[in-house]
Structure formats: structure tokens, C-alpha cells
Amino acid sequence: MVVGMALLTLNNAFLKTLTGDYPPGQLIALRAAFVFIPIALIAWRSDGLESLKINNIRGQSIRAGFLVATQFLMVTSLGLLPLADVTALSFSGPLVITALAGPMLGEQVGWRRWAAVVVGFSGVLIMVRPDPEIFRIAALLPILAASSGALRDLVTRRISTGESSIAILCFSTSAVLLVGLVSMFFDRAPLNMADLPLLAVAGCLQGAAHFILIEAFRHGEAVVIAPFKYTALPWAAVFGFLLFGQIPDIWIITGAMPVICAGLYIVHRERLKHR
């Protein structure tokens, strides 16, 4: 999870540099095309085409739908908000996973972890700043992306027992590519060939990151590994400063603290339960 989040944050940083030049649908389509490079390499090192076999078309389709929604919302938010803000607001995802782990995965979530979820969402409110004069509508986009991503991760956990990680990645990437291409009929910009190397790097990072994250959810319990998504914040702060000269404001830093603490407490409760 830690490695996957580092790669994913770097991918977002690269993609953010292009959000002013292309609409979201075109960006995710171009990036998705390059995701097939790591997919092909991983499939070749596994069992070839046999590793791409689909056994649960319904589960794969549901996950792909959540992934498409997550990527559209995330790319749109990257074009409107600083990288660290988007990353910090997306931390509500693990809280959503914890809240839904019981009904969707049958995992036990006690009152202490529910209290941690409440504390975590209070931090989200601080970051959003729900004051009528300063409320940022754009701040809702990464929260919606985090919620969609949380549902995607829960579905991943459910279908990973019968599907290979590379098959899940290939199916979902195909859906993202298809939807992105369809969106280009309505909104697209001329492609600058000089942007292709950056899109290729972002696509390879995206593919590698999602393969690693799928593996994480295959081998780990959702409520245990999800809080390690918080390791993305230091990377986002560094990349945001180096590439865009952006520094997280006091509201983002203050609000992120209870969210991170809530996630760490959830990990602590899980350790006690397992012990």
C-alpha cells in the first residue's frame, strides 16, 4: 500500500501539469492507453493471455464503473485544487472503507472505530471549510472521488479471490479507455506530441500503482491496510512544492491531522482485535 500510494501520487503530480491543456476525459484516455504497457509486461511474466481470463464479469464491471468515476473526479479536482489539498481531502476514503467494511465485507467494526470515523470526518469538514463565504465547491470533488475509490477497493477485495490482479487491472483500464474515448467526441483538445512522454510515464506509474494496490487488498484486510493511504500526503506536499510551488495552507494541515490520527487508531484497534 505504501509503495502503491507513492507511485500513484507521483502519477497525479505528472498528470496535474497537463490538466490545463486537455479535458479530463481525454487525459484519462491517453493515460489509460499507456497503462497497457505494464499490463502487457506483467501478463507476459505471468501466464500470458490465461492470466487475463475473466471469471466474474459482473464484479469486474462494477469495479470498472467505480474506477471510471474515481478517475474523472480525481483528474477534474487536480485541475482545480493544489496537489496536497486533493490528496488530503481524498484521505476520507479509508474512513468510508471502515464504515462500509461491516455490511459489504462482513468485517467487524466496533464502536471505537466508529468513533474514529466520526473524528476523521470532522477533520474533513475543517479542510472543506463549510462557511458560506469561503466554501469551495471544488473541495467536494476529491471527497466524492475518495468515496467512489473506497467502493472500488471494497469490490476489489470481494472479487480478488476469484480474479487475478492483472485481469482486474486490464478489465478496468479497458473500461476507462473506452469511456475516455467516447468523451472525446464531446470535448477534446489538439494533442501536443511533446506531451506524450509525460503521459507515457504517468500511464506506467498508474498501471504499476494500481496493480500493487490490488495485490494489497488481495492479501490484507481492508480496514487494516486502508489507513496506509495516508503516506501519500508527504509525497503530495513535496511534489506540489517542487513542481508547482504550492504549500498546504493551515486549514489543510489542521484538518488532515484528525483524519490521519483516526486512521492510525483504526489500525491500533485492529491489532488489538487480532491479538
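The values are calculated or read from the model by the stated rules, or taken from the named source; none is laboratory data. Keep in mind that what you see is a predicted model, and the values were worked out from it rather than measured. Every residue, glycine as well, gets a Cβ built from its backbone with ideal geometry; the counts of neighbours run over all protein chains shown.
List of remarks:
- Filter result for Arg31 (under 15 Å from Ala150 (Cβ atoms), among the charged types (D, E, K, R) and surrounded by 20 or more Cβ atoms within 10 Å (Cβ to Cβ)): no
- Flag for Thr9 being in contact (Cβ under 8 Å) with a residue 40 or more places away in the chain and surrounded by fewer than 20 Cβ atoms within 10 Å (Cβ to Cβ): no
- Test: residue in the range 59-76 that is at pLDDT below 85, surrounded by 24 or more Cβ atoms within 10 Å (Cβ to Cβ) and more than 21 Å from Leu199 (Cβ to Cβ): no
- When Trp44 is tested against the conditions (1) surrounded by 15 or more Cβ atoms within 10 Å (Cβ to Cβ); (2) free of Cβ contacts under 8 Å to residues at least 24 places away in the same chain, the lone failure is (1).
- Any chance Gly220 is among the small types (Gly, Ala, Ser) and at pLDDT below 85: yes
- Condition met for Ile247 (of a type in the set (Val, Ile, Thr) and surrounded by 18 or more Cβ atoms within 10 Å (Cβ to Cβ)): no
- All positions within the range 232-263 that are more than 18 Å from the chain's Cα centre (by Cα), of a type in the set (Gly, Ala, Ser) and part of a helix (DSSP H, G or I): Gly255, Ala262
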